[in-house]
Amino acid sequence: MTPAFRLPFVLGALLLGAAQAAPLALTATPEARAVRPFAAVVPTPRQATYPAGSLPLAGLGVKTVGAAPELTWAVRDLRDEWKVRLGIPLPDGGGKSIAIGTRADADLAARAKAAGLYTEAPEGYALWVDAGGAFVVGADAKGAYYGAQTLRQLLTPEGLRFARIQDAPALKRRMAMLYLDAASKPVNDRLIPLLAALKYNSVLVMSNYVQWDVAKAGGWAHPGGATKAEARRVAELARSYGMDVIPLLETPGHATWMFNNGKNLDLAQDPDVPAPYAYDTLNPASYERVILPTLKEIVETFAPRTVHIGRDEARADGRGRFPGRPNGVAVGFEKLFTDDTLKLHAFLKERGVGTMIWHDVAFADSLIGSVPPKLPKDIQVGFWNYTGDANPDLMRRIRALGFPVLGASWWKAGNAEGMAKAAAQAGADGMIQTRWSGYFGNTSVWDGMAEQGVALVRAGAAFWNPDAPPVANDVQVYRSLYQPQAYAKAAGQLVDLSPAVTRTLKDDSGSGWIQKGAFTDLRNLPAGKDVALGDYRFNVSGAVMLRGSRPAARELPEQVSLDLGGKKADALALLLTTGWAGANNREVIGKLDVKYADGSLLSVPLEYGRHLRSWTEVAGTTENLSMIPAPGWTGKTGDGLDVNVLVLDWTNPKPGVAIQALTLSSAGRGANPTLLGLTLIGSR
């Protein structure tokens, strides 16, 4: 659960339409909203049991055995967890201790062996919690750090859950993408700890638009790019969370970054294309003026062991010719591409830095027999495959040609899981979870393209343990890690909406829900006077469905007014959906008017995809998601369709003034607002 969202509002003295004759009935509850720990650990450990019981928090402290920096990081993360989740400190020492160290310590190694949990697997750990205390014993310092990430998930308000865990990663390298732009600081400050919690050990940092000195001097620096200082800070922060940093500079295609502000047009591969996409690899100025100075600054700023130089989609359709100049045509694409790769590889190698590329050009069917033999075998290859077919054969072939290879997945459910299994079968070095949310779309990882953020959870779990089942509560885990909240309960009141219901949830007769019959309805949504859905409780009796443009919704009311009888609330939780999709992302499809007892009115616009969406649009299968609405219920229809209903948690800007009534209105478009439950949060 995240903090209740805040929307722009307008106050006025307007009057709402006539409310119902009598206020709706309300039922008090001590847990209108309750944030609780998750039962499941993510990633799923390779071997784990959870005996009944927990280690009390009273008198509990933490100690490290050893001096590795990873142990210090582990204590930092545990203390942050205690502070955020419980609002209390985790002291040093204590009557009973959380001991964190490695098998290099003879006593800890002996304890792990006695517990039957000892491991020597790289980055592996043994963890046990019982009445005597909590112990994390890493096979190495990284393993101890990852064990601490698991221990964080055993924390509850009552204590640390008892556990016996022996764990280690299946894949050596587990990488996720970060972006650098002017808005990236708060995003990356959340994502980096999130990635560490999911046991990633590398980040691929999109660095095209950093404001490099050479870019500023040449007039092609983008004002929306991150500063060099921010790039350096992100690298240092990532390393302090146990992650190797690999900057990505896209070359020779996807090079629009170097043509910003209309600069460097003389270096375009195709001089006739309106928006240059690739640079001229035969022009020495491409390297002297742009490419090599930029790579030099990247090496100086990030101090990386590896730089990713792109190479994907080098001559993509519709983006100009490659080769696009007569001298290049005479040489041919294969030699242009190969020579450019060798030049950049040599430049990096002189500086003690390795090279990584994408696979799709160099290992294309037409080039795999001729280009790879010309490339140094220390070039690491990222094999991206965003389809449902995770066949490991090409990864095996790239590896057989002598190149280190990593698989790469994207956001759709099943992609990372399938690719991780294929990578393990192919003997790949690891996996990369890509995130293509736009060069200046950093904030969309929470609001706009959040499906790519949620995918980080599924991918992290799959990269660590490909044999485990997919993460069932990926959205909740993502929310909890990106915006961690205290484990707390809030009292409130459940509103009985039955007098306002316009459609039944069950549609046995074809006249309920969306009039598609019993196999396409919400009969499986839990109903009753007090049901728990996600972190919330509701009185669910039917649907207050409003008018839409679909034939089955045209006769419904355009708005409904709900008399609350003058109740104060800190927030409102609305179990809200639409009967159909049929709206553009961010399209305003309705509004919520809040009438206060002092006569003022607050109007809240409802944007499709941002504040509510159709019951048929489920995370993992749908693009342009927002995390503003919280998870409520996820299930299936009678014919097996995956469906869900979200909760819009709205912070009341006037909690000290009683709410007289709410009016929910529809704009009458394809997506029609539908209210299934309403709860007042706060015990005022």
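The values are calculated or read from the model by the stated rules, or taken from the named source; none is laboratory data. Everything numeric in this text was worked out from a predicted model, so none of it was measured. When we count neighbours, we look across all protein chains shown, and the Cβ atoms used for this are built from the backbone with ideal geometry, even at glycine. Heavy atoms of the whole protein, side chains included, go into the accessibility calculation; ligands, DNA and RNA do not. Shrake-Rupley method; radii C 1.70, N 1.55, O 1.52, S 1.80 Å.
General observations
- Those residues of the stretch 34-76 which are out of contact with any Gly (no Cβ under 7 Å at 6 or more places or on another chain) and in a strand (DSSP E or B), in sequence order: ALA34, GLN47, ALA48, THR49, VAL62
- Lone qualifier among LEU606, LEU625 - being modelled with pLDDT of 95 or more, of a type outside the set (Val, Ile, Thr) and open to solvent by less than 20 Å² (accessible area, probe 1.4 Å): LEU606
- In the set PHE347, PHE403, PHE363, only one residue is within 31 Å of the chain's Cα centre (by Cα), farther than 27 Å from GLN452 by Cα, at pLDDT 95 or above and not polar (S, T, N, Q); that residue is PHE403.
- Residue check, ALA176 part of a strand (DSSP E or B), in contact (Cβ under 8 Å) with a residue 60 or more places away in the chain and small (Gly, Ala, Ser): yes
- Those strands (runs of 3 or more DSSP E) lying entirely in the stretch 533-600 with at least 1 residues closer than 20 Å to VAL643 by Cβ: 536-540, 571-578, 588-596
- The stretch 256-273, residues that are farther than 12 Å from ALA221 by Cα and part of a helix (DSSP H, G or I): LEU265, ASP266, LEU267
- THR577 passes every criterion in (1) open to solvent by 30 Å² or more (accessible area, probe 1.4 Å); (2) under 24 Å from the mean Cα position of the chain (by Cα); (3) within 19 Å of ALA553 (Cα to Cα) apart from (1).
- Tally of residues being open to solvent by less than 10 Å² (accessible area, probe 1.4 Å) and either on the phi > 0 side of the Ramachandran plot or among the acidic types (Asp, Glu) (or both) across the stretch 39-85: 1
- Selection from the stretch 152-188 of residues that are surrounded by fewer than 22 Cβ atoms within 10 Å (Cβ to Cβ) and small (Gly, Ala, Ser): GLY159, ALA168, ALA170, ALA182, ALA183
- Enumerated helices (runs of 4 or more DSSP H) restricted to the stretch 184-248, each holding at least 3 residues that are under 24 Å from TYR145 (Cα atoms) and touching a residue at least 60 places away in the same chain (Cβ under 8 Å): 184-197, 228-240
- If only residues of the stretch 640-657 that are closer than 27 Å to ALA532 by Cβ and over 26 Å from the mean Cα position of the chain (by Cα) are counted, the one that is surrounded by the fewest Cβ atoms within 10 Å (Cβ to Cβ) is GLY640.
- Being without any contact (Cβ under 8 Å) to a residue 40 or more places away in the chain, closer than 22 Å to THR227 by Cβ and surrounded by fewer than 20 Cβ atoms within 10 Å (Cβ to Cβ) is not true of GLU350.
- The number of residues in the stretch 300-348 that are basic (Lys, Arg), over 30 Å from VAL245 (Cβ atoms) and in a loop (DSSP other than H, G, I, E, B) comes to 2.
- Just one of (1) open to solvent by 10 Å² or more (accessible area, probe 1.4 Å); (2) part of a strand (DSSP E or B); (3) touching a helix residue (DSSP H, G or I) at 6+ places or on another chain (Cβ under 6 Å) fails for LEU127. It is (1).
- Counting only residues that are farther than 21 Å from ASP474 by Cβ and open to solvent by 10 Å² or more (accessible area, probe 1.4 Å), the stretch 189-219 holds 9 of them.
- Check on ALA268, hydrophobic (A, V, I, L, M, F, W, C) and touching a Phe, Trp or Tyr at 6+ places or on another chain (Cβ under 6 Å): no
- Look at the stretch 440-453: where a residue is in contact (Cβ under 8 Å) with a residue 60 or more places away in the chain and of a type outside the set (A, V, I, L, M) and a partner is open to solvent by 10 Å² or more (accessible area, probe 1.4 Å) and in a helix (DSSP H, G or I), sitting 6+ places away or on another chain with Cβ atoms under 8 Å, you get TRP446/TYR482; GLY453/TYR482.
- Selection count where residues are outside any helix (DSSP H, G or I) and among the aliphatic types (A, V, I, L, M), scope the stretch 372-428: 10
- Scanning the stretch 120-164 for residues that are at positive phi and among the charged types (D, E, K, R) gives a single hit, GLU123.
- Top-ranked residue in the stretch 471-525 [being in a helix (DSSP H, G or I) and over 19 Å from LEU574 (Cβ atoms); ranked as most open to solvent (accessible area, probe 1.4 Å)]: LEU481
- Residue within the stretch 585-595 that is at pLDDT below 95 and either closer than 26 Å to ARG479 by Cα or in contact with a Phe, Trp or Tyr (Cβ under 7 Å, 6 or more places away or on another chain) (or both) present: yes
- Any chance PRO323 is modelled with pLDDT of 95 or more and more than 27 Å from MET431 (Cβ to Cβ): yes
- Filter result for the condition that a residue is farther than 27 Å from VAL205 by Cα and touching a strand residue (DSSP E or B) at 6+ places or on another chain (Cβ under 8 Å), over GLY324, GLY382, GLY332, GLY310: GLY324
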